[in-house]
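S.K.: Structure below; questions to follow.
The values are calculated or read from the model by the stated rules, or taken from the named source; none is laboratory data. Every value quoted in this text rests on a predicted model; they were computed, and no experiment measured them. Ideal geometry is used to build each Cβ from the backbone, glycine not excepted, and the neighbour counts take in all protein chains shown.
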């Protein structure tokens, strides 16, 4: 993977990680169009650059994350992330196998797009407008919803935001709690993959070119994710999910064509 290719993938990651459009699907499409070989480092890179996206959430909401008096906030995040950690450890091999199935990603992107066309009509009269009013039970329920994203192409952001709305959160509150929940969830997943890579193939992480790609990728993902998060909050409040639904359907059709033409195997 060249520096240019790593930069493009990082831009895609930063733009799509917190939008309900499936970062996994977009990374598959992008890497395929650039003919990037799906070797072990590429697979690791696409996960490791999530650290940059995570940092964007922490920086934007640093007052919430670094206020030690907010014990309940940390407790809600812990409760919300437990289902993903447990199921992730139990089914990590099956999840990895699904990640290598572009057809699975295409199907779930399409079905998720259909859901987003109508989701604004499903959950009306929200009563929770701030994360301080989210109960422990609601945090756990949202964490269960987030686990749907273990099926690649579903979108962690979409699953957890819809879960929040189902638990009576406003669009903004659901989106922000989804961002907060992403930090421990993605940190755990990325840390696990990095440790596993270092154990199984330490030479891959001792390669200067690979280290440069990871550092640059995380920096770019951080900057782009900052902008994407700010855009998404404002857009979601005004317009809802419908446009994202149409976009997902269009992106999934592109992925189907790439699979059909054997550009993606």
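S.K.: Out of 164, 113, 153, 143, report the one residue that is touching a residue at least 60 places away in the same chain (Cβ under 8 Å), out of contact with any strand residue (DSSP E or B) (no Cβ under 6 Å at 6 or more places or on another chain), crowded, with 16+ Cβ neighbours inside 10 Å and farther than 20 Å from residue 53 by Cα. Before you say what the answer is, go through the steps one by one.
M.R.: Values: 164 fails: touching a residue at least 60 places away in the same chain (Cβ under 8 Å); 153 fails: farther than 20 Å from residue 53 by Cα; 143 fails: farther than 20 Å from residue 53 by Cα.
From the options 164, 113, 153, 143, the qualifying one is 113.
S.K.: Then there's this: Under 8 Å between Cβ atoms, which residue pairs at least 6 apart in sequence (or on different chains) link something in segment 192-203 that is under 11 Å from residue 40 (Cβ atoms) with a partner that is surrounded by 13 or more Cβ atoms within 10 Å (Cβ to Cβ) and at pLDDT below 85?
M.R.: 197/204; 197/205
S.K.: Given (1) touching a residue at least 40 places away in the same chain (Cβ under 8 Å); (2) within 19 Å of the chain's Cα centre (by Cα); (3) closer than 19 Å to residue 78 by Cα, where does residue 159 come up short, assuming only one miss?
M.R.: Result: residue 159 passes all but (1).
S.K.: Here's a follow-up. Does residue 215 satisfy the criteria of being modelled with pLDDT under 95, touching a helix residue (DSSP H, G or I) at 6+ places or on another chain (Cβ under 6 Å) and surrounded by fewer than 19 Cβ atoms within 10 Å (Cβ to Cβ)?
M.R.: So residue 215 fails the test.
S.K.: So, restricting to helices (runs of 4 or more DSSP H) that lie completely within segment 115-211, which ones have at least 2 residues that are at pLDDT 90 or above and touching a helix residue (DSSP H, G or I) at 6+ places or on another chain (Cβ under 7 Å)?
M.R.: 136-146, 156-166, 171-200
S.K.: Tell me, which helices (runs of 4 or more DSSP H) lie completely within segment 1-75 with 3 or more residues that are at pLDDT 85 or above and surrounded by 18 or more Cβ atoms within 10 Å (Cβ to Cβ)? Break it down into steps so the answer makes sense when it comes.
M.R.: Numbers: elements: 3-16, 23-33, 40-48, 50-60, 62-65.
Here the list reads 3-16, 23-33, 40-48, 50-60.
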